Amino acid sequence: MKNFTLTLALALLASTAWTQTPERTDGVVRKIDKEARKVTIRHGEIKSLGMPPMTMVFQVQDVAALDQLKPGDTVQFSAGKSNGGAYMASDIQPATP
């Protein structure tokens, strides 16, 4: 059982590794789902991902970061894609005026 748990943990870590250097962008938090480790953000253009401004769901590695957020917060964050193909948000900080 120990080997299975270790293998599963390593697989999860590998699937959340970035496929490229994350790009900083601005956004507004729309929804937070701590159980699913997800945050919905209306964001500006993310050139490195070829995305126009839109509202979308991002996964987060650090679920504790979601404790400091609420819907309506203006934030700056790093956006990228994981090796597993999921869109990720990290280093989510309040936007500076």
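Could you check how many residues of segment 32-61 are free of Cβ contacts under 8 Å to residues at least 24 places away in the same chain and basic (Lys, Arg)?
Adding up the residues that qualify gives 2.
From the residues in segment 7-24 that are touching a helix residue (DSSP H, G or I) at 6+ places or on another chain (Cβ under 9 Å) and loosely packed, with under 11 Cβ neighbours inside 10 Å, which one is modelled with the lowest pLDDT? Reasoning before the result, please.
Step one: of segment 7-24, the residues touching a helix residue (DSSP H, G or I) at 6+ places or on another chain (Cβ under 9 Å) are 20-23.
Of the ones still in play, those that are also loosely packed, with under 11 Cβ neighbours inside 10 Å are 20-21.
Values: Gln20: 59, Thr21: 64.
Going through the qualifying residues, I end up with Gln20.
Hey, could you check segment 25-73 for residues that are closer than 13 Å to Ile92 by Cβ and of a type in the set (Ser, Thr, Tyr) and say which is modelled with the highest pLDDT?
Thr40
Taking segment 53-97 as the search range and keeping residues that are charged (D, E, K, R) and under 13 Å from the mean Cα position of the chain (by Cα), which one is nearest to Gly27 (Cα to Cα)? Walk me through how you get there before you give the answer.
Step one: filter segment 53-97 for residues charged (D, E, K, R), giving 62, 67, 70, 73, 81, 91.
From the residues that got through so far, the ones that are under 13 Å from the mean Cα position of the chain (by Cα) too are 62, 81, 91.
On the way: Asp62: 18, Lys81: 17, Asp91: 13 Å.
Looking at the filtered set, the residue picked out is Asp91.
The values are calculated or read from the model by the stated rules, or taken from the named source; none is laboratory data. Quantities reported herein were computed from a predicted structural model and do not represent experimental measurements. Virtual Cβ from ideal backbone geometry, glycine too; neighbours counted across all protein chains shown.
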